[in-house]
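The values are calculated or read from the model by the stated rules, or taken from the named source; none is laboratory data. On a predicted model such as this, the values are computed, not experimentally measured, just so you know. Ideal geometry is used to build each Cβ from the backbone, glycine not excepted, and the neighbour counts take in all protein chains shown. Each accessible area value is taken on the protein alone, full model and side chains, heavy atoms only, with ligands, DNA and RNA left out. Shrake-Rupley method; radii C 1.70, N 1.55, O 1.52, S 1.80 Å.
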Amino acid sequence: MRLSPRTVQEIDSPMGATYALLAGRSGERALLDLAQAAPSYPPAPEMVEHVTKVAHEPNGAAYVPSPGLPRLRDAFAADLSRAYQSPVGADQMVVTAGCNQAFCLVAQALTEPGDEVIEVLPYYFNYDMWLRMNGVVPRYLEPGPDLVPDPEAAEALITPRTRAIVLVTPGNPSGVTLPPDVLADFYALAKRHDIALIVDETYRSFRDTVRPAHDLFAEPDWARTLVSLHSFSKDLAIPGYRVGAVVGSPELNREVMKLLDCVAICPPRVGQEAAWAGLTSAQEWRRARADEATEKRRWLETVLAERPGGFELLSCGGFFGWVRHPFADRGTHDVVRDLITRYDTLVIPGTAFLPDDRQVFRVSFGNVDRAGLTEFAGRLELMATDLHG
């Protein structure tokens, strides 16, 4: 058989490549897993109880309708309407097997080989991989010093082949939360050029405010331009259940459902049942977990404030810290390998999120507590001392 060159020439999963390095770690210390962006706690008890109940029902393993479990769509529509203080309808969403699938289906529905999509640096690696494997050309938008992208700079990248602008807020890997006015300017830009604005809002519950992330759902014809992507993985601590959603126009959602029918028929029922239970029965639990994440972000900022060993926290938010290492004469992959093999600390190299090496790596604090973050800062300082003397 002959494999597709577009797939063969693409990189392997950066997550898999990083975790493979664990085989060579020293084991002298407890492992600090700062790589996987996943909660360290289980789902709310109400969710577990509901899933257990559904598993014993005669139709507990049955297919669900193509757009998703109706009561989940109703509950999520109500949740979004409250969070954004604007009406969002259940008929404007399609449930997917996670946000990754949501993006892939949307990108497939919007683009053909040779088309272009604008991505902000640093990009989320799976999105970049998917575009390239499908013959879509990424156009990279350099952000400002604060890692917030400029809509005017984005406009300079738009060509007749541009089909979409992709924003992730809070960012993965940067953690940067885009202000509502910046999102409004990007929306106006996309609308003016008749292209899609795809906004990945996976970490919307992990911002330092309860104010709406944006006001775009208040626009009377928002669905002609905006595509909002969501995930329940972090918000409800069910990453392995694989459930997310596309919020967009009926026209786009129809095409998404065609594609979804081919790749999955429907997302797993168990994930949708768990998400429904979380949205309807675990609001206080959700707020408490979000507050805990905020405290961990603040502690990461505290322990890295003095730049231990010369390591600099460039940005922080959501589940992530974006850190610059001090070794100008060493490639980031080598630095990350040493952190794993010599200091039992797992992080993701920034080269997974950038087209070149900028001496940065991603830290995800979902799997660690305050003590672990303190230990992380100590290991960075130890590494710098060992290398610099």
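Those strands (runs of 3 or more DSSP E) of the range 193-255 in which 2 or more residues are touching a residue at least 12 places away in the same chain (Cβ under 8 Å) and in contact with a Cys (Cβ under 7 Å, 6 or more places away or on another chain) occupy 226-231.
Screening Asp221, Asp200, Asp235 for residues that are over 30 Å from Pro160 (Cβ atoms) and charged (D, E, K, R) leaves exactly one candidate, Asp235. On inspection, Gly309 fails the criterion of being surrounded by 23 or more Cβ atoms within 10 Å (Cβ to Cβ) and either part of a strand (DSSP E or B) or touching a residue at least 40 places away in the same chain (Cβ under 8 Å) (or both). Test Glu301 against the criterion of being acidic (Asp, Glu) and open to solvent by 10 Å² or more (accessible area, probe 1.4 Å), and give yes or no. Here the answer is yes, as Glu301 does meet what is asked. Only one of the listed residues (Arg342, Arg358) is part of a loop (DSSP other than H, G, I, E, B), open to solvent by 10 Å² or more (accessible area, probe 1.4 Å) and over 29 Å from Pro42 (Cα atoms). That residue is Arg358. Pull up the range 281-310, narrow it to residues that are among the hydrophobic types (A, V, I, L, M, F, W, C) and over 24 Å from the mean Cα position of the chain (by Cα), then point me to the one that is nearest to Arg358 (Cα to Cα). The residue in question is Ala305. Here Ser174 clears all of (1) surrounded by fewer than 22 Cβ atoms within 10 Å (Cβ to Cβ); (2) of a type in the set (Gly, Ala, Ser); (3) at negative phi except the condition numbered (1). Would you mind finding the one in Thr7, Thr18 that is assigned to a helix (DSSP H, G or I) and touching a strand residue (DSSP E or B) at 6+ places or on another chain (Cβ under 6 Å)? Among Thr7, Thr18, only Thr18 is assigned to a helix (DSSP H, G or I) and touching a strand residue (DSSP E or B) at 6+ places or on another chain (Cβ under 6 Å).
Confirm whether Asp261 is buried (at least 18 other Cβ atoms within 10 Å of the Cβ) and either touching a residue at least 24 places away in the same chain (Cβ under 8 Å) or more than 22 Å from the chain's Cα centre (by Cα) (or both). Judged against the criteria, Asp261 is not a match. Evaluated against (1) open to solvent by 60 Å² or more (accessible area, probe 1.4 Å); (2) of a type outside the set (Asp, Glu); (3) under 26 Å from Ser86 (Cβ atoms), Arg204 falls short on exactly one condition, (1). If you go through the range 21-33 and keep only what is at pLDDT 90 or above, in contact with a Lys or Arg (Cβ under 8 Å, 6 or more places away or on another chain) and part of a loop (DSSP other than H, G, I, E, B), you end up with Arg29, Leu31.
Every listed requirement among (1) open to solvent by 40 Å² or more (accessible area, probe 1.4 Å); (2) out of contact with any helix residue (DSSP H, G or I) (no Cβ under 9 Å at 6 or more places or on another chain) is met by Glu381 save one, (2). Considering only residues of the range 106-127 that are over 14 Å from Ile165 (Cβ atoms) and part of a helix (DSSP H, G or I), which is least open to solvent (accessible area, probe 1.4 Å)? Step by step, filter the range 106-127, then rank; the result is Phe125.
Among the residues of the range 75-104, the one identified as acidic (Asp, Glu) and open to solvent by 30 Å² or more (accessible area, probe 1.4 Å) is Asp91.
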